[in-house]
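Notes for the one structure printed next.
The values are calculated or read from the model by the stated rules, or taken from the named source; none is laboratory data. Please read all numbers here as calculations on a predicted model, not as lab measurements. Glycine also receives a Cβ, built like all others from the backbone with ideal geometry; neighbour counts cover every protein chain displayed. Just so you know, the surface numbers come from the protein's heavy atoms only, side chains and all, with ligands and any DNA or RNA stripped out. Shrake-Rupley method; radii C 1.70, N 1.55, O 1.52, S 1.80 Å.
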Amino acid sequence: MLRVLTKFVVLGLSILLLFSQAHSTDAQATGYDWLQFNGDAQHIGNNTLEKKLGASNVGRLHRLYQVTLPAVVDGAPVYLQNVKTSKGTKDLLFMTSKQGDLFAVEAKTGALLWTQHHNAPDCFVDKGDPKVIPEKLACWTTSIPAIDPGRAFVYSYGLDGYIHKHHVEDGTEVTTDGWPVLITKKPWLDKVSPALSFATTKNGTTYLYETTSGYPSPMPGDWGDYQGHLVAINLSTGASKIFNAMCSNVDKLFVEKPDSPSCDEVKAGIWARGGVTYSPDTDRIYVSTGNGTYDPANHYWAESVLALNPDGSGANGDPIDSYTPKNFQMIKDTDSDLSPYLPIILPTPKGSKYPHLMLQGGKDGRLRLLDLTDLSGKGEPGHTGGELTSNAQIPFQAEITTSPAAWLNPADKSTWIFTPTYFGTAGFQLVIAKDGIPSLKMVWKTTNSCTIPLVANNVLYCAAFKNLWAFNPTTGKKLWGVYPIGETHWQSPIVVNGVLYITDQSANLLAYAAR
(Lines give C-alpha, C1' and ligand atoms only; values in the text may rest on other atoms or scores of the structure.)
Protein backbone atom coordinates (compact mmCIF):
# COMPACT_ATOMS: atom_id res chain seq x y z
CA MET A 1 0.00 0.00 0.00
CA LEU A 2 2.84 2.38 0.87
CA ARG A 3 4.55 1.62 -2.45
CA VAL A 4 1.33 2.42 -4.40
CA LEU A 5 0.84 5.61 -2.41
CA THR A 6 4.43 6.62 -3.12
CA LYS A 7 3.88 6.14 -6.84
CA PHE A 8 0.84 8.39 -6.75
CA VAL A 9 2.78 11.02 -4.80
CA VAL A 10 5.65 10.94 -7.29
CA LEU A 11 3.22 11.16 -10.22
CA GLY A 12 1.44 14.09 -8.60
CA LEU A 13 4.73 15.91 -7.97
CA SER A 14 5.78 15.36 -11.61
CA ILE A 15 2.53 16.84 -12.90
CA LEU A 16 2.85 19.76 -10.50
CA LEU A 17 6.43 20.39 -11.63
CA LEU A 18 5.46 20.45 -15.32
CA PHE A 19 2.55 22.80 -14.57
CA SER A 20 4.72 25.14 -12.56
CA GLN A 21 7.36 25.28 -15.32
CA ALA A 22 4.73 26.49 -17.76
CA HIS A 23 2.73 28.80 -15.51
CA SER A 24 4.38 29.70 -12.20
CA THR A 25 5.77 33.19 -11.76
CA ASP A 26 8.22 31.67 -9.27
CA ALA A 27 9.64 29.12 -11.70
CA GLN A 28 13.09 30.66 -11.31
CA ALA A 29 13.32 29.41 -7.72
CA THR A 30 14.06 25.89 -8.94
CA GLY A 31 14.87 26.59 -12.58
CA TYR A 32 12.95 25.59 -15.69
CA ASP A 33 13.33 23.65 -18.94
CA TRP A 34 13.34 24.83 -22.56
CA LEU A 35 11.89 21.82 -24.33
CA GLN A 36 11.39 23.05 -27.90
CA PHE A 37 12.16 25.90 -30.27
CA ASN A 38 11.10 29.23 -28.74
CA GLY A 39 9.76 27.45 -25.69
CA ASP A 40 6.26 26.26 -26.56
CA ALA A 41 3.92 25.09 -29.32
CA GLN A 42 3.12 28.67 -30.38
CA HIS A 43 6.83 29.53 -30.90
CA ILE A 44 6.25 33.25 -30.36
CA GLY A 45 9.59 33.58 -28.62
CA ASN A 46 8.51 35.25 -25.36
CA ASN A 47 10.22 33.65 -22.36
CA THR A 48 8.23 34.86 -19.36
CA LEU A 49 9.82 32.28 -17.03
CA GLU A 50 13.20 34.01 -17.04
CA LYS A 51 13.89 36.06 -13.90
CA LYS A 52 17.67 36.06 -13.41
CA LEU A 53 18.70 37.91 -16.58
CA GLY A 54 16.89 41.12 -17.49
CA ALA A 55 17.23 44.80 -18.29
CA SER A 56 18.92 45.56 -14.96
CA ASN A 57 21.92 43.29 -15.59
CA VAL A 58 22.00 42.43 -19.29
CA GLY A 59 24.70 45.06 -19.80
CA ARG A 60 26.99 43.00 -17.56
CA LEU A 61 26.86 39.87 -19.70
CA HIS A 62 30.26 38.22 -20.13
CA ARG A 63 31.34 35.00 -21.78
CA LEU A 64 31.32 31.93 -19.56
CA TYR A 65 32.84 29.64 -22.15
CA GLN A 66 33.37 28.96 -25.84
CA VAL A 67 33.76 25.32 -26.84
CA THR A 68 34.10 23.65 -30.21
CA LEU A 69 31.49 21.05 -31.06
CA PRO A 70 32.21 18.04 -33.29
CA ALA A 71 30.29 19.73 -36.14
CA VAL A 72 28.31 22.87 -37.01
CA VAL A 73 24.90 23.26 -35.38
CA ASP A 74 22.87 25.56 -37.63
CA GLY A 75 19.96 26.13 -35.25
CA ALA A 76 19.41 26.55 -31.53
CA PRO A 77 19.79 24.32 -28.47
CA VAL A 78 17.06 22.97 -26.25
CA TYR A 79 17.62 22.61 -22.50
CA LEU A 80 16.75 20.08 -19.79
CA GLN A 81 17.72 20.52 -16.14
CA ASN A 82 18.50 17.92 -13.48
CA VAL A 83 19.22 14.94 -15.74
CA LYS A 84 20.56 11.92 -13.84
CA THR A 85 23.54 10.67 -15.85
CA SER A 86 26.34 8.22 -15.08
CA LYS A 87 28.51 11.26 -14.29
CA GLY A 88 26.03 12.80 -11.87
CA THR A 89 22.98 15.04 -12.12
CA LYS A 90 23.50 17.64 -14.85
CA ASP A 91 21.70 20.34 -16.81
CA LEU A 92 21.97 19.44 -20.49
CA LEU A 93 21.78 21.18 -23.87
CA PHE A 94 20.75 19.12 -26.90
CA MET A 95 21.62 20.14 -30.47
CA THR A 96 21.32 18.64 -33.96
CA SER A 97 24.28 19.09 -36.31
CA LYS A 98 24.06 19.82 -40.01
CA GLN A 99 24.84 16.17 -40.75
CA GLY A 100 22.01 15.00 -38.51
CA ASP A 101 23.98 13.93 -35.44
CA LEU A 102 22.62 14.63 -31.96
CA PHE A 103 24.84 16.16 -29.26
CA ALA A 104 24.22 16.28 -25.50
CA VAL A 105 26.34 18.94 -23.79
CA GLU A 106 26.68 19.86 -20.13
CA ALA A 107 25.15 23.35 -19.92
CA LYS A 108 27.41 24.53 -17.09
CA THR A 109 30.74 23.78 -18.78
CA GLY A 110 30.06 23.05 -22.45
CA ALA A 111 31.55 19.56 -22.07
CA LEU A 112 30.26 17.00 -24.56
CA LEU A 113 28.45 14.23 -22.67
CA TRP A 114 27.37 12.00 -25.54
CA THR A 115 26.87 11.92 -29.31
CA GLN A 116 24.48 9.87 -31.41
CA HIS A 117 25.36 9.39 -35.07
CA HIS A 118 22.50 8.80 -37.49
CA ASN A 119 23.95 7.01 -40.49
CA ALA A 120 22.76 8.42 -43.82
CA PRO A 121 24.11 6.22 -46.64
CA ASP A 122 22.36 8.22 -49.38
CA CYS A 123 23.30 11.71 -48.12
CA PHE A 124 26.60 13.51 -47.56
CA VAL A 125 26.94 16.98 -46.07
CA ASP A 126 28.27 19.70 -48.41
CA LYS A 127 29.24 17.27 -51.20
CA GLY A 128 26.87 18.68 -53.77
CA ASP A 129 29.16 19.64 -56.66
CA PRO A 130 27.49 17.82 -59.58
CA LYS A 131 30.87 17.73 -61.36
CA VAL A 132 32.21 15.51 -58.59
CA ILE A 133 29.29 13.32 -57.49
CA PRO A 134 25.56 13.26 -58.21
CA GLU A 135 23.78 16.21 -56.62
CA LYS A 136 21.27 13.88 -54.97
CA LEU A 137 24.01 13.17 -52.42
CA ALA A 138 24.20 16.76 -51.10
CA CYS A 139 22.25 16.79 -47.84
CA TRP A 140 22.17 18.74 -44.60
CA THR A 141 19.68 19.79 -41.97
CA THR A 142 19.09 22.91 -39.91
CA SER A 143 16.55 21.18 -37.70
CA ILE A 144 16.35 21.64 -33.92
CA PRO A 145 15.62 18.77 -31.52
CA ALA A 146 12.67 18.62 -29.13
CA ILE A 147 12.57 17.15 -25.63
CA ASP A 148 9.62 14.97 -24.73
CA PRO A 149 7.24 16.72 -22.29
CA GLY A 150 7.73 13.73 -19.99
CA ARG A 151 11.46 14.70 -19.87
CA ALA A 152 12.77 11.18 -20.48
CA PHE A 153 13.47 11.39 -24.23
CA VAL A 154 14.84 13.75 -26.86
CA TYR A 155 13.82 13.62 -30.53
CA SER A 156 16.08 14.53 -33.45
CA TYR A 157 16.07 14.30 -37.25
CA GLY A 158 18.80 12.34 -39.02
CA LEU A 159 19.75 12.62 -42.68
CA ASP A 160 18.62 9.02 -43.09
CA GLY A 161 15.06 10.38 -43.33
CA TYR A 162 13.98 9.31 -39.83
CA ILE A 163 13.12 11.07 -36.58
CA HIS A 164 14.99 9.30 -33.80
CA LYS A 165 14.06 8.94 -30.13
CA HIS A 166 16.84 8.84 -27.52
CA HIS A 167 17.07 8.55 -23.76
CA VAL A 168 18.26 11.91 -22.42
CA GLU A 169 20.73 10.51 -19.89
CA ASP A 170 22.96 8.50 -22.25
CA GLY A 171 21.62 8.80 -25.80
CA THR A 172 20.45 5.19 -26.05
CA GLU A 173 18.06 4.98 -28.99
CA VAL A 174 14.52 3.65 -28.70
CA THR A 175 13.83 1.15 -31.49
CA THR A 176 10.43 -0.21 -30.40
CA ASP A 177 6.82 0.90 -30.86
CA GLY A 178 7.45 2.27 -34.34
CA TRP A 179 10.66 4.22 -33.60
CA PRO A 180 12.52 5.60 -35.43
CA VAL A 181 9.75 7.17 -37.51
CA LEU A 182 10.24 7.64 -41.26
CA ILE A 183 9.35 11.14 -42.44
CA THR A 184 10.78 11.10 -45.97
CA LYS A 185 11.62 8.40 -48.50
CA LYS A 186 13.87 10.79 -50.47
CA PRO A 187 16.09 12.64 -47.96
CA TRP A 188 18.41 13.76 -50.78
CA LEU A 189 15.45 15.79 -52.12
CA ASP A 190 13.33 16.59 -49.05
CA LYS A 191 15.30 19.00 -46.89
CA VAL A 192 14.27 19.13 -43.23
CA SER A 193 14.86 22.75 -42.21
CA PRO A 194 12.50 23.51 -39.28
CA ALA A 195 12.61 22.62 -35.63
CA LEU A 196 10.85 19.59 -34.30
CA SER A 197 7.94 20.71 -32.13
CA PHE A 198 5.20 19.17 -30.05
CA ALA A 199 1.76 20.15 -28.81
CA THR A 200 -0.74 18.61 -26.41
CA THR A 201 -4.28 18.94 -27.73
CA LYS A 202 -7.56 19.54 -25.95
CA ASN A 203 -8.19 15.81 -25.65
CA GLY A 204 -4.81 15.30 -23.98
CA THR A 205 -2.98 13.69 -26.91
CA THR A 206 0.56 14.93 -27.59
CA TYR A 207 1.84 15.07 -31.17
CA LEU A 208 5.37 15.61 -32.46
CA TYR A 209 5.64 17.57 -35.72
CA GLU A 210 8.19 17.99 -38.48
CA THR A 211 7.93 19.52 -41.96
CA THR A 212 10.00 19.37 -45.14
CA SER A 213 11.10 21.62 -47.97
CA GLY A 214 13.75 21.33 -50.70
CA TYR A 215 17.42 21.98 -51.29
CA PRO A 216 18.77 24.86 -53.37
CA SER A 217 20.26 23.92 -56.71
CA PRO A 218 23.66 25.09 -58.03
CA MET A 219 21.66 27.78 -59.82
CA PRO A 220 19.18 30.09 -58.03
CA GLY A 221 15.94 28.36 -57.14
CA ASP A 222 14.73 25.13 -55.61
CA TRP A 223 15.79 21.81 -57.00
CA GLY A 224 14.38 18.38 -57.66
CA ASP A 225 11.30 16.29 -57.18
CA TYR A 226 10.25 17.39 -53.70
CA GLN A 227 6.88 18.25 -52.19
CA GLY A 228 6.58 20.10 -48.89
CA HIS A 229 4.80 17.97 -46.34
CA LEU A 230 3.98 17.65 -42.65
CA VAL A 231 4.40 14.56 -40.50
CA ALA A 232 2.49 14.37 -37.20
CA ILE A 233 3.51 11.61 -34.76
CA ASN A 234 1.29 10.48 -31.91
CA LEU A 235 3.73 10.19 -29.01
CA SER A 236 1.52 7.70 -27.20
CA THR A 237 1.46 5.19 -30.05
CA GLY A 238 4.26 6.14 -32.44
CA ALA A 239 1.73 6.23 -35.29
CA SER A 240 2.23 8.98 -37.88
CA LYS A 241 0.07 10.86 -40.36
CA ILE A 242 1.19 12.75 -43.48
CA PHE A 243 -0.24 15.87 -45.08
CA ASN A 244 1.22 16.80 -48.47
CA ALA A 245 1.04 20.43 -49.59
CA MET A 246 1.18 19.18 -53.18
CA CYS A 247 -1.33 16.40 -53.98
CA SER A 248 -2.91 16.76 -50.56
CA ASN A 249 -5.43 14.06 -51.46
CA VAL A 250 -2.60 11.52 -51.10
CA ASP A 251 -1.75 10.90 -47.44
CA LYS A 252 1.44 8.91 -48.09
CA LEU A 253 5.13 9.67 -48.35
CA PHE A 254 6.09 10.23 -51.98
CA VAL A 255 8.99 8.61 -53.81
CA GLU A 256 10.81 9.90 -56.89
CA LYS A 257 8.94 9.85 -60.17
CA PRO A 258 8.21 7.73 -62.12
CA ASP A 259 7.81 5.35 -59.18
CA SER A 260 4.59 5.40 -57.17
CA PRO A 261 3.22 7.05 -55.13
CA SER A 262 4.42 10.34 -56.57
CA CYS A 263 3.01 13.76 -57.42
CA ASP A 264 3.15 15.59 -60.76
CA GLU A 265 3.71 18.95 -59.06
CA VAL A 266 6.71 19.95 -56.93
CA LYS A 267 7.80 22.54 -54.33
CA ALA A 268 5.51 24.16 -51.70
CA GLY A 269 8.21 23.65 -49.08
CA ILE A 270 7.30 24.20 -45.42
CA TRP A 271 10.49 25.67 -43.98
CA ALA A 272 9.73 28.31 -41.32
CA ARG A 273 12.05 27.84 -38.34
CA GLY A 274 9.24 26.75 -36.01
CA GLY A 275 7.65 24.51 -38.63
CA VAL A 276 4.21 24.13 -37.05
CA THR A 277 2.11 26.44 -34.85
CA TYR A 278 -0.58 25.02 -32.57
CA SER A 279 -3.52 27.09 -31.28
CA PRO A 280 -5.20 25.84 -28.11
CA ASP A 281 -8.14 28.17 -28.84
CA THR A 282 -9.00 26.55 -32.17
CA ASP A 283 -7.32 23.18 -31.45
CA ARG A 284 -5.72 23.38 -34.89
CA ILE A 285 -2.19 23.45 -36.27
CA TYR A 286 -1.00 25.93 -38.90
CA VAL A 287 1.79 25.86 -41.50
CA SER A 288 2.85 28.21 -44.27
CA THR A 289 3.92 26.90 -47.67
CA GLY A 290 6.48 28.08 -50.19
CA ASN A 291 6.70 28.53 -53.93
CA GLY A 292 4.77 26.23 -56.21
CA THR A 293 1.38 25.83 -57.83
CA TYR A 294 -1.76 27.03 -56.08
CA ASP A 295 -4.73 25.11 -57.49
CA PRO A 296 -7.20 23.89 -54.84
CA ALA A 297 -9.27 22.02 -57.41
CA ASN A 298 -6.29 19.74 -57.97
CA HIS A 299 -5.16 19.72 -54.32
CA TYR A 300 -2.13 22.01 -54.79
CA TRP A 301 -1.62 24.37 -51.83
CA ALA A 302 1.50 26.46 -52.45
CA GLU A 303 1.86 30.13 -51.35
CA SER A 304 -0.63 29.61 -48.51
CA VAL A 305 -1.30 29.27 -44.81
CA LEU A 306 -2.98 25.94 -44.08
CA ALA A 307 -5.01 24.92 -41.02
CA LEU A 308 -5.11 21.23 -40.11
CA ASN A 309 -6.37 19.03 -37.32
CA PRO A 310 -3.80 18.41 -34.57
CA ASP A 311 -3.18 14.86 -35.82
CA GLY A 312 -2.07 16.27 -39.19
CA SER A 313 -5.26 15.41 -41.06
CA GLY A 314 -7.38 17.72 -43.16
CA ALA A 315 -10.86 17.20 -44.59
CA ASN A 316 -11.72 15.44 -47.85
CA GLY A 317 -8.09 15.47 -48.95
CA ASP A 318 -7.65 19.21 -48.33
CA PRO A 319 -6.84 21.44 -45.35
CA ILE A 320 -9.73 22.40 -43.07
CA ASP A 321 -9.04 26.10 -43.72
CA SER A 322 -6.59 28.17 -45.77
CA TYR A 323 -5.35 31.65 -46.59
CA THR A 324 -3.76 32.55 -49.92
CA PRO A 325 -2.86 36.09 -51.05
CA LYS A 326 -4.73 37.26 -54.14
CA ASN A 327 -1.41 37.95 -55.87
CA PHE A 328 -0.22 34.37 -55.35
CA GLN A 329 0.97 34.10 -58.96
CA MET A 330 3.23 37.13 -58.62
CA ILE A 331 4.53 35.74 -55.32
CA LYS A 332 5.36 32.48 -57.08
CA ASP A 333 6.99 34.20 -60.07
CA THR A 334 9.20 36.41 -57.88
CA ASP A 335 10.11 33.77 -55.28
CA SER A 336 8.40 35.86 -52.57
CA ASP A 337 6.70 33.03 -50.73
CA LEU A 338 5.20 33.01 -47.25
CA SER A 339 6.97 29.95 -45.90
CA PRO A 340 9.99 31.57 -44.19
CA TYR A 341 7.59 33.29 -41.77
CA LEU A 342 6.01 31.05 -39.17
CA PRO A 343 2.28 31.76 -38.65
CA ILE A 344 2.29 33.62 -35.33
CA ILE A 345 -0.66 33.62 -32.92
CA LEU A 346 -0.80 37.07 -31.36
CA PRO A 347 -1.83 38.04 -27.84
CA THR A 348 -4.94 40.08 -28.71
CA PRO A 349 -5.83 43.20 -26.67
CA LYS A 350 -9.36 43.84 -25.45
CA GLY A 351 -11.62 45.69 -27.85
CA SER A 352 -10.55 43.76 -30.95
CA LYS A 353 -13.37 42.77 -33.28
CA TYR A 354 -11.35 39.61 -33.90
CA PRO A 355 -10.34 37.98 -30.60
CA HIS A 356 -8.08 35.41 -32.29
CA LEU A 357 -5.43 37.02 -34.46
CA MET A 358 -2.68 35.51 -36.58
CA LEU A 359 0.26 37.32 -38.16
CA GLN A 360 1.73 36.05 -41.42
CA GLY A 361 4.65 37.64 -43.23
CA GLY A 362 6.41 36.79 -46.46
CA LYS A 363 9.53 37.29 -48.51
CA ASP A 364 7.63 40.12 -50.23
CA GLY A 365 8.15 42.18 -47.05
CA ARG A 366 4.44 42.35 -46.20
CA LEU A 367 2.85 41.62 -42.81
CA ARG A 368 -0.70 40.27 -42.89
CA LEU A 369 -3.20 40.11 -40.03
CA LEU A 370 -5.61 37.18 -40.29
CA ASP A 371 -8.55 35.82 -38.33
CA LEU A 372 -7.26 32.62 -36.79
CA THR A 373 -10.75 31.08 -36.81
CA ASP A 374 -11.52 31.94 -40.46
CA LEU A 375 -8.34 32.55 -42.44
CA SER A 376 -9.88 33.87 -45.67
CA GLY A 377 -13.18 35.10 -44.21
CA LYS A 378 -15.04 32.57 -46.37
CA GLY A 379 -15.48 29.81 -43.80
CA GLU A 380 -13.70 27.19 -45.88
CA PRO A 381 -10.40 26.50 -47.68
CA GLY A 382 -9.64 27.35 -51.29
CA HIS A 383 -10.29 31.11 -51.39
CA THR A 384 -7.87 34.00 -51.87
CA GLY A 385 -7.54 37.18 -49.83
CA GLY A 386 -9.16 37.83 -46.49
CA GLU A 387 -6.65 40.03 -44.67
CA LEU A 388 -8.27 42.01 -41.85
CA THR A 389 -6.53 45.28 -42.67
CA SER A 390 -4.09 46.77 -45.16
CA ASN A 391 -0.85 44.83 -45.12
CA ALA A 392 2.00 46.50 -43.26
CA GLN A 393 5.32 46.92 -45.04
CA ILE A 394 8.60 46.28 -43.27
CA PRO A 395 11.37 48.87 -43.76
CA PHE A 396 14.82 48.34 -45.33
CA GLN A 397 13.40 47.17 -48.72
CA ALA A 398 14.39 43.72 -47.59
CA GLU A 399 12.98 40.22 -47.77
CA ILE A 400 11.63 38.55 -44.66
CA THR A 401 13.44 35.24 -44.64
CA THR A 402 12.88 34.12 -41.06
CA SER A 403 10.34 34.09 -38.24
CA PRO A 404 9.46 36.92 -35.82
CA ALA A 405 8.98 37.13 -32.07
CA ALA A 406 5.83 38.44 -30.37
CA TRP A 407 5.70 39.99 -26.91
CA LEU A 408 2.98 41.08 -24.50
CA ASN A 409 4.29 44.15 -22.66
CA PRO A 410 3.45 43.53 -18.99
CA ALA A 411 3.49 47.29 -18.28
CA ASP A 412 0.46 48.16 -20.44
CA LYS A 413 -0.65 44.79 -21.96
CA SER A 414 0.21 45.98 -25.47
CA THR A 415 1.19 43.44 -28.14
CA TRP A 416 4.46 43.84 -30.04
CA ILE A 417 5.97 42.05 -33.03
CA PHE A 418 9.69 42.07 -33.85
CA THR A 419 10.40 41.31 -37.48
CA PRO A 420 14.00 40.57 -38.43
CA THR A 421 15.84 40.90 -41.73
CA TYR A 422 19.48 40.75 -42.77
CA PHE A 423 19.44 44.56 -43.17
CA GLY A 424 17.77 45.56 -39.90
CA THR A 425 15.09 44.82 -37.34
CA ALA A 426 11.76 46.58 -36.72
CA GLY A 427 9.40 46.74 -33.78
CA PHE A 428 5.66 46.91 -34.56
CA GLN A 429 2.80 47.45 -32.11
CA LEU A 430 -0.63 45.93 -32.57
CA VAL A 431 -3.18 48.76 -32.55
CA ILE A 432 -6.95 48.34 -32.13
CA ALA A 433 -9.09 51.12 -33.63
CA LYS A 434 -12.34 52.34 -32.07
CA ASP A 435 -14.31 50.11 -34.42
CA GLY A 436 -12.30 47.09 -33.27
CA ILE A 437 -10.25 46.70 -36.45
CA PRO A 438 -6.61 45.71 -35.73
CA SER A 439 -3.59 47.12 -37.53
CA LEU A 440 0.18 47.24 -37.15
CA LYS A 441 2.13 50.42 -36.36
CA MET A 442 5.91 50.50 -36.74
CA VAL A 443 7.37 52.12 -33.61
CA TRP A 444 11.09 51.71 -34.14
CA LYS A 445 13.69 50.27 -36.47
CA THR A 446 17.39 49.64 -36.24
CA THR A 447 20.00 48.73 -38.82
CA ASN A 448 21.24 45.98 -36.52
CA SER A 449 20.47 42.82 -38.46
CA CYS A 450 18.85 39.77 -36.94
CA THR A 451 17.91 36.18 -37.75
CA ILE A 452 15.45 34.77 -35.19
CA PRO A 453 14.69 37.10 -32.25
CA LEU A 454 13.81 36.07 -28.72
CA VAL A 455 12.32 38.05 -25.82
CA ALA A 456 13.33 36.88 -22.34
CA ASN A 457 12.27 38.77 -19.21
CA ASN A 458 11.32 41.79 -21.33
CA VAL A 459 14.66 42.05 -23.17
CA LEU A 460 14.92 41.40 -26.94
CA TYR A 461 17.85 39.27 -28.11
CA CYS A 462 19.02 38.39 -31.60
CA ALA A 463 22.09 37.52 -33.63
CA ALA A 464 23.23 37.94 -37.23
CA PHE A 465 26.51 37.64 -39.10
CA LYS A 466 29.08 37.97 -36.27
CA ASN A 467 26.99 40.04 -33.87
CA LEU A 468 24.93 39.20 -30.80
CA TRP A 469 22.61 41.92 -29.49
CA ALA A 470 20.20 42.78 -26.68
CA PHE A 471 17.61 45.57 -27.12
CA ASN A 472 14.91 47.44 -25.24
CA PRO A 473 11.79 45.98 -26.94
CA THR A 474 9.75 49.22 -26.79
CA THR A 475 12.44 51.56 -28.19
CA GLY A 476 14.95 49.41 -30.06
CA LYS A 477 17.76 50.91 -27.96
CA LYS A 478 20.77 48.61 -27.76
CA LEU A 479 21.38 47.43 -24.20
CA TRP A 480 24.30 45.10 -24.88
CA GLY A 481 26.26 43.64 -27.76
CA VAL A 482 29.26 41.50 -28.53
CA TYR A 483 31.39 41.32 -31.68
CA PRO A 484 32.66 39.12 -33.04
CA ILE A 485 31.19 35.75 -32.44
CA GLY A 486 31.50 33.31 -35.31
CA GLU A 487 29.49 33.78 -38.49
CA THR A 488 25.81 32.89 -38.07
CA HIS A 489 23.19 31.58 -40.49
CA TRP A 490 20.03 30.20 -38.80
CA GLN A 491 21.70 30.10 -35.39
CA SER A 492 19.65 31.89 -32.74
CA PRO A 493 20.05 32.46 -29.00
CA ILE A 494 18.17 30.94 -26.11
CA VAL A 495 18.10 32.38 -22.59
CA VAL A 496 17.49 29.87 -19.80
CA ASN A 497 18.02 30.22 -16.04
CA GLY A 498 20.15 33.34 -16.39
CA VAL A 499 22.42 32.11 -19.19
CA LEU A 500 22.40 32.96 -22.91
CA TYR A 501 23.50 30.15 -25.26
CA ILE A 502 24.21 30.34 -28.99
CA THR A 503 26.06 28.32 -31.64
CA ASP A 504 27.85 29.61 -34.76
CA GLN A 505 29.08 28.52 -38.17
CA SER A 506 32.55 27.76 -36.75
CA ALA A 507 31.06 24.86 -34.77
CA ASN A 508 31.30 26.83 -31.53
CA LEU A 509 28.90 26.81 -28.60
CA LEU A 510 29.05 30.02 -26.56
CA ALA A 511 27.51 30.81 -23.17
CA TYR A 512 27.09 34.22 -21.50
CA ALA A 513 25.93 35.25 -18.01
CA ALA A 514 25.85 38.50 -16.03
CA ARG A 515 28.73 39.27 -13.67
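Overview of results
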{"read-out": "Sulfur and carbon atoms: percent of accessible area, the range 28-120 [1.4 Å]", "value": "45"}
{"read-out": "Loop-resident sites, the range 197-260, for trypsin sites (Lys or Arg not before Pro), counting at most 10 other Cβ within 10 Å (DSSP)", "value": "Lys202"}
{"read-out": "Among Gly379, Gly362, Thr488 the positive-end extreme of the charge dipole of the chain (Cβ point charges)", "value": "Thr488"}
{"read-out": "Eligible aspartates and glutamates near Lys108 by straight Cα distance, threshold 18 Å, same-chain separation 8 or greater", "value": "Asp33, Glu50, Asp91, Glu169, Asp170"}
{"read-out": "Distance between modelled label sites at Thr172 and Thr109, nm, 7 Å Cα→Cβ extension", "value": "2.4"}
{"read-out": "Residues of the chain: accessible area per residue with a 1.4 Å probe, Å²", "value": "39"}
{"read-out": "Using θ = phi - 60° and Karplus 6.51 cos²θ - 1.76 cosθ + 1.60, couplings along the range 183-190 (whole Hz; Gly, Pro as x)", "value": "10, 7, 8, 9, x, 6, 10, 8"}
{"read-out": "Amide proton proximity set for Asn458, modelled H, under 5 Å, gap of 5+", "value": "none"}
{"read-out": "The chain: relative contact order as a whole-number percent, Cα under 8 Å and 6+ apart", "value": "14"}
{"read-out": "Top positive-direction residue, dipole computed over the range 38-120 with Cβ charges, set His62, Ala111, Phe94", "value": "His62"}
{"read-out": "Filtered trypsin sites (Lys or Arg not before Pro), the range 459-498: DSSP coil and at most 13 other beta carbons within 10 Å", "value": "Lys477"}
{"read-out": "Centroid-to-centroid separation of the range 27-59 and the range 277-294 [C-alpha atoms, Å]", "value": "25"}
{"read-out": "Computed magnitude of the charge dipole of the chain (debye, nearest 20; Cβ of K, R +1, Cβ of D, E -1)", "value": "1800"}
{"read-out": "Cβ-Cβ FRET estimate between Asn57 and Asn298, R0 fixed at 60 Å, reported to 0.05", "value": "0.60"}
{"read-out": "Sequence-distant residues sharing a close amide H with Tyr294 (under 5 Å, placed H)", "value": "Ala302"}
{"read-out": "Inter-label distance, nm, simple model (7 Å from Cα along the C-beta direction), Asp251/Lys326", "value": "3.5"}
{"read-out": "In nm, spacing of pseudo-spin labels at Thr85 and Ser236 (7 Å Cα→C-beta vector)", "value": "3.3"}
{"read-out": "Förster radius 41 Å - calculated FRET efficiency between Lys185 and Lys478 (Cβ-Cβ, nearest 0.05)", "value": "0.30"}
{"read-out": "Above-threshold pairs, the threshold being 21 Å between Cα atoms, out of Lys332/Lys363; Lys186/Lys257; Lys378/Lys441; Lys353/Lys441; Lys52/Lys466", "value": "Lys378/Lys441; Lys52/Lys466"}
{"read-out": "Centroid-to-centroid separation of the range 298-326 and the range 234-272 [C-alpha atoms, Å]", "value": "13"}
{"read-out": "12 Å Cα-Cα reach of Lys267 towards aspartates and glutamates, excluding residues that sit fewer than 8 places from it in its own chain", "value": "Asp190, Asp222, Asp225, Glu303, Asp335, Asp337"}
{"read-out": "Which of Val459, Val266, Val174, Val443 is most accessible, then next, and so on - probe 1.4 Å", "value": "Val443, Val266, Val174, Val459"}
